[in-house]
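Here's the structure we're looking at; comments come further down.
Rule-based calculations on the coordinates, nothing more; no lab input. For clarity, every value in this text was computed on a predicted model and none was experimentally measured. No Cβ is skipped: glycine too gets one built from the backbone with ideal geometry, and neighbour counts run over all protein chains shown.
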Amino acid sequence: MTEPTVGTGSLSHVDAQGRPSMVDIGGKSVTRREAVAEAQVVFPAPVAEVLREGVEPVTRKGPVIHTAIIAGVMAAKRTHELVPFCHPLPLEDCRIVIDWLDACTLSVRCSVAVTHRTGVEMEALTGASVAALTVYDMCKALSHDIEIRCTRLLAKRGGRRAVDREAAAAAPGEVAS
């Protein structure tokens, strides 16, 4: 496991007086910015078996994967309404890929892209999180022992700092820095 990295600068959303503030992005360059985030949904073995029986798990609420994909994209597009200092961004691409990592764990990946002055990590994290929450919501009638784990940024590029935690693990069509 890699050690977490800590930047040497100050917190970006705190002004000189220690008050919360939005970052002024006016002086930043407009570049293509991309990010990939992942969340994992872990099911008890009997629930995973039920869900894996068909190509698309369907609960009484509807098709799980398709509904989670739609929810994740909608959430990524509205991140600025959920996270206080996020800038509203005209997303150019947002893709949610949901697939089994092992017999009991679904990987929920969200890749987002924009050409703008600020990055899209929060949009990718929000998309993956809400898609995972949607899977939980749609499957909770089967068990409340479902867990959402390991929500994290996997990759970002296009700004001052690049992140590349799992370039080899990015699915086709996703960002691999």
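None of 74, 22 is in contact with a Phe, Trp or Tyr (Cβ under 6 Å, 6 or more places away or on another chain) and not acidic (Asp, Glu) except 22.
One residue stands out in the range 118-157 among those that are more than 15 Å from the chain's Cα centre (by Cα) and β-branched (Val, Ile, Thr): the one that is surrounded by the most Cβ atoms within 10 Å (Cβ to Cβ), namely 146. Residue 83 falls short on exactly one of the conditions (1) free of Cβ contacts under 8 Å to residues at least 40 places away in the same chain; (2) closer than 23 Å to residue 158 by Cα; (3) of a type in the set (Val, Ile, Thr), and that condition is (1).
Which residues, counting only those in the range 28-86, are of a type in the set (Lys, Arg) and not in a helix (DSSP H, G or I)?
Those that are of a type in the set (Lys, Arg) and not in a helix (DSSP H, G or I): 28, 32, 33, 60, 61, 78.
When you look at residue 88, is it within 17 Å of the chain's Cα centre (by Cα) and either among the basic types (Lys, Arg) or within 22 Å of residue 130 (Cα to Cα) (or both), yes or no? Spelling it out, residue 88 is indeed within 17 Å of the chain's Cα centre (by Cα) and either among the basic types (Lys, Arg) or within 22 Å of residue 130 (Cα to Cα) (or both).
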